[in-house]
Amino acid sequence: MNATEKAVIRSFLDTAQDYLSCGYRTEHKREAIETIENIAAAITRCRNCKLSELRKNTVPGEGVKNPMVIVIGEAPGADEDAQGRPFVGAAGKLLDKMLSAVNLSRETNCFIANILKCRPPGNRDPEPDERAACIHFLESQIYLLRPAAILCAGRVSAQTLLQTNAPMSAMRGGKQMEYSLKMGELVLKIPLFAIYHPSALLRNEAWKRPAWEDLKAFRQFLDSNLQRMRT
């Protein structure tokens, strides 16, 4: 990442913070934020929505720093809130098994994150103001990590990144979509696929077979396009 791109990310996070906290642009003491660790520290300090008053821990995300894939869910649950790590409860264990089945892992080639970095009460869907207050953190993570592809776990994450109200049935099924991220004059376009959220599969066994077919289609896409995407 060059100096221009680092400056764009710094300005982007500064502007988002200003807008959410006071509604106007202010001068900032410059802080190095061009690392995943610095973004995680900024998330820990965040007080931009009501969820900050309820959380036990923020959940910035985890994984490798040069991921082939970023896996994105909607928000932390109770186990994640308690541990400060993404996808560590029953749904997280299932997600790890699903990823492993197609040679993906947070230890080797993935980064795992969520739309929200704090747990909504009762694990309800994120509200619009909560998404608006938090999305810039995820956008900065995506921009820094530059994955070859994004895998959205569930309807909420896919709808948020694609800025659509389309139902899950219209987004899953091995369909290749595109996430576009603009920061200043820089634009990043990344292939995006959607699968059922693991928690949905725990509730409905009938969805496990189509979820497996979707994962196989995603793996086939990676195998067919990875070399081209990385060059």
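Bear in mind these aren't lab numbers, they're just calculated from the coordinates by the rules spelled out. Everything quoted here is computed from the prediction, not taken from an experiment. Positions of Cβ are generated from backbone atoms using ideal geometry, with glycine treated the same way; all protein chains shown enter the neighbour counts.
Placing dummy labels 7 Å off each Cα toward the beta-carbon, the span from K65 to E185 is 2.9 nm. Going from the residue with the fewest nearby Cβ atoms within 10 Å to the one with the most, V59, V187, V69 rank V187, V69, V59. Name the shape class, rounded, prolate or oblate, that the alpha-carbon gyration tensor gives for the range 95-184, where a ≥ b ≥ c are the square roots of its eigenvalues, rounded holds for a/c under 1.5, and otherwise prolate holds if a/b is larger than b/c and oblate otherwise. The shape class here is rounded.
Modelled spin labels at R209 and A166, positioned 7 Å past Cα toward Cβ, are 2.5 nm from each other. Annotation: the residues T160, T35, sorted from fewest to most other C-beta atoms within 10 Å of their own C-beta, follow the order T35, T160. Report the paramagnetic label zone for K50: residues of the range 102-145 whose backbone N is under 19 Å from a point 7 Å from Cα along the Cα-to-Cβ axis. In the range 102-145, the label zone of K50 (backbone N under 19 Å from the point 7 Å along Cα→Cβ) covers 116-135. Close Lys pairs in the range 74-231, defined as Cα atoms under 14 Å apart and 8 or more places apart or on different chains, number 4.
Given R0 = 30 Å, the distance between the Cβ atoms of L202 and S105 translates into a calculated FRET efficiency of 0.90.
DSSP finds beta bridges in the range 85-231, and of those with both partners inside it, around 65 percent are antiparallel. Against the compact-protein benchmark of 2.2 N^0.38 Å, the Cα-based radius of gyration of the range 121-231 scales to 1.13.
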